[in-house]
Ligand SMILES: [Zn+2]
C-alpha cells in the first residue's frame, strides 16, 4: 500500500467551508468525513457508510441463493 493518504492539498474551492474530521476508517475507501455530516461511528472510528463499517468488520456482500 502506501497510498493511504492523499493530502497533497489539491484545490477544491466549492468544499472550502467543509471541515474535514478524518477519513473513512475502512482502508479501501478513505472517503473524507466532514464535521456536521451524519456518518457511522463504531468503537471511536468513523465510517462514511454502513457498507464500509460492515466490510471493516469483515462482512461481505453476497447474493443470496
Ligand atoms: Zn467509506
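What follows draws every value from the coordinates through simple rules; no lab data is involved. These figures come from a predicted structure and were not determined experimentally. Ideal geometry is used to build each Cβ from the backbone, glycine not excepted, and the neighbour counts take in all protein chains shown.
Values as computed for the structure displayed
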quantity	calculated
Spin-label pair residue 41/residue 18, simplified geometry with 7 Å Cα→Cβ offset, distance in nm	1.9
Full-extension gain in nm, residue 28 to residue 51, via 0.36 nm per residue minus C-alpha separation	7.1 nm
